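Asker: Next up is a structure, given as structure tokens.
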Amino acid sequence: MTMSPQGSGDPMNTPTESSTNGPTNRPTNRPTNRPTKKSAPGGPRGSNVWAHVVLSIGGFIMVFPFLWQVVMSLSSTAEVTSVPPTFWPSELRFDNYVEVFRQVPFLEQFWVSVRVTVTTVVGQVVLCSLAGYAFARMRFAASATIFAVMLSILMIPNQAYLIPQYQIVQNLGWLDTVPGIVVPTIFSAFGTFLMRQFFVNLPDELEEAARLDGANPFQIFWKVMLPLARPSISALAIVTVLAAWNNLLWPLVVTSRAEHRTLSVGIASLNGQYVIDYPVMMAASLMAMAPILILFILMQRRVIEGLAFSGLKG
Amino acid sequence: MTQAAAERPSSGPAAGRRGRGTSGPTGRGGTGRGGTGQGRSRRAPNPDGAWPWLFVLPTLIGLAIFYFWPVIQTAYYSFTSWGVFGGAEFVGLENWVDLLQSGEVPRALINTLAYTAMLLLGIPISIYIASLLNRPGLRFAAFYRVLYFAPFVSMPAAIALVWGMIFNSQYGILNQFLGIFGIPAVFWTSTEWVALIAIGIVGIWSSLGFNIIILGAGLRSISPEMYEAARIDGASNWRQLISITVPLLSPSIFFLTVLSVIHGMELFDLIFIMIGESNPIRSDTQSMVSLFYRQAFISNDKGTGAAIAILLMLIIGVLTAVQFAVQRRRARLD
């Protein structure tokens, strides 16, 4: 996801600047702690009924494809292609999930995806926090200019550097390898920007104290500042996990052998392969996205906050 | 944003100077680094020595090798022609002239713009849903948020396969559902233009969650007093949405508009999977990026591919610049 730097933080700043020229020129614009505030939440209770109706219909549409995917993955091919539709299979065919491993190199691709995701996240977190820290809190020649030039990358769409990136990876002999998929993506202008935005707002006192204790800049960074950066590291990690696991174009370009591809590419190539049954295809695609979905459901608060954080900072 | 050094809460030069005389192993000395002024920092001897470079160089070198130089190379490639066995020959504007004459690129551009316009339609929907979700005292809000957000974190390749099944013209559940109302079967993914609508629906469906999260952050910063005052005046919920929520959200809405345009113009995954190789309308239903992929990596015509990539980059740049200009103008008029 490309984030444009200009949008940074704007949504956060709205209340102060816009309440002055808001649509209602009532004096109540000013936030006060009058006792009437108590009546604001909820308003007339009845009005939330409508909200529940709309939200649950909408919510059903949002999850329907997932539910339908589960149903199809447990049906027989005949049931999936029947008219009128079979809403519930006559028997639950969990065999389809076993078939996945026989018909596609699922385990190999899963392992590639895991390695790609882990190394991308570790690489990006290490490199981006180092660079972000330096841009935020150290002084060096032309740092502001270098930072601005670096941010200009965010304006450039992927395709504009894909061909030469491919040639580099090819020349290094990294086609069809995990390093080939990972290496260009561990350098991130966006991640550096995100980490810098966090470090910039930390107080100076912590560093001063560590410096008085005789710590060198790396020790200050590693022992004092980095542990404080956990919220933004987790935000960066979440964004990176999503991008690395779900990315299609780049891994599609640099891999060609099925067992060296990521799951995303593997799943994409199932389309139009008539040798694969639809239910098995559904089972495979469900298994491919399950790890991220489970991770999301387990840590939904953090994922949503992390993405909002990175979205707003970016 | 680049002058952010000035934003940093700082104890000021005086405090920084206290650092002098510490017996740091690096032999740091000099002025310390509490300074806020950019002008000052520029002249001062570098207090951090070579350390900052150790921190930034890995990233900077990587970005230079894998991003900056490649963009320049791509721009150059767009003026070259590639033989079957590699090797680029300078051909001037030939690729660019071909692009405009081929008909394929203008069509892909129109398709991409149409998809982008559809994505933008998702923003009003997101505003409405976000305003409902952020009603004070709404129960199950966290649950709803998960439902709406799940598509955003799901693998696009997998999602596209599932939607492909739903849209299937013979036994897809959507056509069977529409059939109840007497609507004849629609060939969702194999009719020109209709296929774009199908892809646009999936695009909106998967981006809604992210939009709602961003808008939610903006909504929470609107003071409840505004709504209270409007209610006292007898404004309906709908009126409140139009007169309070939307205007006060305009920075978030603008941000989402910019992101949606960039995201929409880079459409690839959905079209690549939902419009498969054997689809009869494939050649008319390309996006700029899928055409780029085809030219550069399937036909191995890297010159044309590069020209498409640069063209797309320029178009995205212009669209973004126009949005910023419009936004600035609107801000002035307000």
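Asker: Can you tell me which of A:170-180, B:120-130 comes out highest on packing, and rank the rest after it, using the mean Cβ neighbours within 10 Å?
Answerer: B:120-130, A:170-180
Asker: Taking beta carbons within 10 Å but only from partner chains, what does the mean come to for residues B:159-168? Kindly include the intermediate steps, with their values, before the conclusion.
Answerer: Details: counts 7, 5, 12, 13, 3, 4, 10, 5, 0, 3.
The shielding value for this peptide is 6.
Asker: Relative contact order of region A:62-159, please, whole-number percent, based on alpha carbon pairs below 8 angstrom and at least 6 residues apart. Let's see the in-between values first.
Answerer: Values: 30 pairs, mean separation 14.3, N = 98.
Across region A:62-159, relative contact order equals 15 percent.
Asker: If you don't mind, another one. Dividing the convex hull volume of the alpha carbon atoms of region A:103-313 by its residue count, what do you get in Å³ per residue?
Answerer: Working: hull volume 31.0 nm³, N = 211.
Measuring per residue, one finds 147 Å³ for the Cα hull of region A:103-313.
Asker: Still on this structure, I have one more. Rank these by accessible area, largest first, 1.4 Å probe: A:ARG301, B:ARG107. List each step's numbers first, then the result.
Answerer: Numbers: A:ARG301 170, B:ARG107 40 Å².
Solvent-accessible surface, decreasing: A:ARG301, B:ARG107.
Asker: Could I ask something else about it? If r is the Cβ-Cβ distance from B:ARG332 to A:SER256 and R0 is 51 Å, what FRET efficiency results, to the nearest 0.05? Mind dumping the intermediate values first?
Answerer: On the way: r = 54 Å, r/R0 = 1.05.
The computed FRET efficiency comes out at 0.45.
Asker: Order A:231-237, B:63-69 from most to least packed using the mean count of other Cβ atoms within 10 Å.
Answerer: A:231-237, B:63-69
Asker: Could you sort A:HIS260, B:HIS263 by accessible area so the largest value comes first, with the probe set to 1.4 Å?
Answerer: Details: A:HIS260 60, B:HIS263 105 Å².
Correct descending sequence by accessible area is B:HIS263, A:HIS260.
Asker: For region A:49-93, just the Cα set please: Rg and Dmax, both in angstrom.
Answerer: Reported Rg and Dmax, both Å: 13.7, 41.
Asker: If I take all pairs of Cα atoms in region B:123-174, what percentage of them are more than 13 Å from each other? Mind showing how you got there, number by number?
Answerer: Values: 918 of 1326 pairs.
Distances greater than 13 Å cover 69 percent of the Cα pairs.
Asker: Roughly how many Å² of B:TRP82 are accessible to a 1.4 Å probe, to the nearest 10?
Answerer: Near enough 50 Å² of accessible area.
Asker: State the percent of C-alpha pairs, over all pairs in region B:97-333, separated by a distance greater than 30 angstrom.
Answerer: 37 percent
Asker: For B:THR80, what residues show an amide H to amide H distance below 5 Å, using hydrogens built from the backbone and excluding near sequence neighbours?
Answerer: B:VAL91
Asker: Using the Karplus curve 6.51 cos²θ - 1.76 cosθ + 1.60 with θ = phi - 60°, what ³J(HN,Hα) values do you get for each residue of region A:203-210, in whole Hz, with x for Gly and Pro?
Answerer: For region A:203-210, the Karplus-derived couplings read x, 6, 4, 4, 5, 4, 4, 5 Hz, x marking Gly and Pro.
Asker: If contacts are Cα pairs under 8 angstrom and at least 6 residues apart, what is the relative contact order of region A:49-93 in percent?
Answerer: The normalised contact order for region A:49-93 reaches 32 percent.
Asker: Which order do A:ARG261, B:ARG220 take when ranked by solvent-accessible area (1.4 Å probe, heavy atoms of all protein chains), largest first?
Answerer: B:ARG220, A:ARG261
Asker: Continuing with this model, one more query. Using a 1.4 Å probe on the protein heavy atoms only, what accessible surface does B:ARG330 show? Give it in Å² to the nearest 10.
Answerer: Only protein atoms counted, so the area is about 120 Å².
Asker: What figure, in Å² to the nearest 10, do you get for the accessible area of B:LEU259 with a 1.4 Å probe and non-protein molecules left out?
Answerer: 20 Å²
The values are calculated or read from the model by the stated rules, or taken from the named source; none is laboratory data. Being a predicted model, the structure only gives us computed values, none of them experimental. Cβ sites come from the backbone with ideal geometry, for glycine too, and all protein chains shown count toward neighbours. Heads up: the accessible areas ignore ligands, DNA and RNA and are worked out on the full protein's heavy atoms, side chains in. Shrake-Rupley method; radii C 1.70, N 1.55, O 1.52, S 1.80 Å.
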